[in-house]
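The values are calculated or read from the model by the stated rules, or taken from the named source; none is laboratory data. Since this is a predicted model, take the numbers as computed values, not measurements. Cβ sites come from the backbone with ideal geometry, for glycine too, and all protein chains shown count toward neighbours. Areas reflect the complete protein model, heavy atoms only, side chains present, ligands, DNA and RNA absent. Shrake-Rupley method; radii C 1.70, N 1.55, O 1.52, S 1.80 Å.
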Amino acid sequence: MVITRFAPSPTGDLHIGSARTALFCWLWAKNQGGKFILRVEDTDRERSTEQAVQVILDGLTWLGLKWDEGPIFQTQRFSRYKEVAKQLLADGHAYRCYCTKERLEVLRDKQIAAKEKPRYDRYCLRFPHPPHDDMPYVIRFKTPQTGSLSFNDLVKGPIEVQNSELDDLILVRSDGTPTYNFTVVVDDWEMNITHVLRGDDHINNTPRQIHILQALGAKIPQYGHMPMLLGPDGKKLSKREGAASVLEYRAQGILPEALVNYLVRLGWSYGDQEIFSQDEMIKLFNVLDINSAASAINPEKLLWLNQHYLKTKPPAEIARELAWHLEKSGIELSKGPSLEEIVLVQRERCKTLVEMAQKSEFLFQDEVNVDESFLNKYFTQEVFQALALLIEKLTALANWQPELINQTVKEVAEQLSMKLGLIAQPIRIAVTGSTVSPSIDATLFLLGKEKSLNRLAQAIELKNELYSKRVDSHEQEP
Ligand code: GLU
């Protein structure tokens, strides 16, 4: 069975590069009917935080990347790493090294001065007895000295490294804590990982890890190293662009499907198809099709995809995300209409959920502020009359349905021989406080009968007040 794993270190946000790695691991497991494991590599206790763990869990959950096993925390497996280190020592694949920091520094300086690659000189392998018994020590791996190691990277192709290039790396530090290369190996081995997909910043670790796996008699997984993401200009991703975390995209009003679809295309393609449903992605994904050239991020494409999913995703699902945004801005959902109805009306008009939430806030407010300048500009005597008639007719409506509302507005216009356009804008202003909103019938429908009538009446009242103020001040003039 194919078993993949996503193995983040919880030291910060879940950035899009990591999210892409998680997605590819998840897709390959799903494509192969396999298993996707979440492993939290939290051995760096100083830099790992619980909050960062939560961000990872929340980010993956929001993206819909469900793990089949885990989260497994490496800090909870320390005793197992110790046992394996003991076994390696017993089998002669590792040795204790008592060299002091000072000795290693002198050695390093000498090697650099002699233009040699700095590496440990195996002093403690040659003289295995400590100067005295309670000297602290590290455990080093006995890396083969001759020959080479090769593996066929699923993304980059064949890779060969001379063993003479590799140091006897430390498996366990003097304080007893295991190192990254060691914990990864033990875990990949014991979790029966078949495919290791990760960023190519780890490619230099792979030969070292394979050596340790071989010493343990473990089956070697297949490795695929993905190139880093580039900025929109094809240059190195800037801190700001690269720092954008998955949850920040959520806050910017992106739908999870859009982000997943966007990420899958960063480094993988299927002909020139751009839009993939989750099922399609799973069916079509193949690790062998991961691009070996780096991909550039493209924020415009993400927006385009977001619009696509806003228009096509089931309204109930979009409504759930919209609720998150509205509540985030302090809106009480019980004060407004059904979110699904809002989605149906607004989805063609918005690029993001933030925009949708902002454009829908008026539906939840107790009242709206209507700007005086709007009243002066749009509320002529004629309009005034029309609004009064409209209130009368709308009050009599038995069914608050868009078609009936539309018909009523038309009737008012006809009865007063006014152009429809002339009354549409004042109605919009009265009920939304703004000059932009969905069609009048949809706006009034969403707002509901009571709020619509109240706001229309309030606008008339406001205009009346303005008018009488003006009359007063006019009368007072000499
Ligand atoms: N914990 C490592 C990281 O976050 C990943 C290691 C791996 O995938 O082997 O970079």
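Just a few scattered comments:
- Any hit, the stretch 205-226, residues being surrounded by fewer than 19 Cβ atoms within 10 Å (Cβ to Cβ) and within 12 Å of the ligand (Cβ to nearest atom): yes
- Residue list for the stretch 7-46, restricted to those being within 11 Å of the ligand (Cβ to nearest atom) and over 24 Å from Ala251 (Cα atoms): Ala7, Cys25, Arg39, Val40, Glu41, Asp42, Thr43, Asp44
- Of the residues in the stretch 304-311, none is open to solvent by 30 Å² or more (accessible area, probe 1.4 Å), in a helix (DSSP H, G or I) and under 30 Å from Tyr223 (Cα atoms).
- When the stretch 358-404 is filtered for residues that are within 15 Å of Arg455 (Cα to Cα) and among the aromatic types (Phe, Trp, Tyr), the ones remaining, listed by number, are Phe362, Phe364, Phe374, Phe379, Phe384.
- Counted residues, the stretch 109-152 - those being in a loop (DSSP other than H, G, I, E, B) and either touching a residue at least 60 places away in the same chain (Cβ under 8 Å) or in contact with a His (Cβ under 9 Å, 6 or more places away or on another chain) (or both): 3
- Test set (1) small (Gly, Ala, Ser); (2) in a loop (DSSP other than H, G, I, E, B); (3) modelled with pLDDT of 95 or more - Ala323 fails condition number: (2)
- Matching residues in the stretch 326-346 - criterion: being under 16 Å from Pro402 (Cβ atoms) and assigned to a helix (DSSP H, G or I): Glu340, Glu341, Ile342, Val343, Leu344, Val345, Gln346
- Among the residues listed as Val246, Val185, Val172, the single one being at pLDDT 95 or above, within 15 Å of the ligand (Cβ to nearest atom) and crowded, with 20+ Cβ neighbours inside 10 Å: Val185
- The helices (runs of 4 or more DSSP H) located wholly in the stretch 180-258 that include 3 or more residues which are touching a residue at least 24 places away in the same chain (Cβ under 8 Å) and over 30 Å from Ser150 (Cβ atoms) occupy 239-243, 246-251.
- All helices (runs of 4 or more DSSP H) inside the stretch 1-90 with 2 or more residues being touching a residue at least 12 places away in the same chain (Cβ under 8 Å), surrounded by 14 or more Cβ atoms within 10 Å (Cβ to Cβ) and among the β-branched types (Val, Ile, Thr): 16-31, 50-63
- Helices (runs of 4 or more DSSP H) enclosed by the stretch 361-434 - at least 1 residues per element that are within 45 Å of the chain's Cα centre (by Cα): 372-378, 402-415, 420-432
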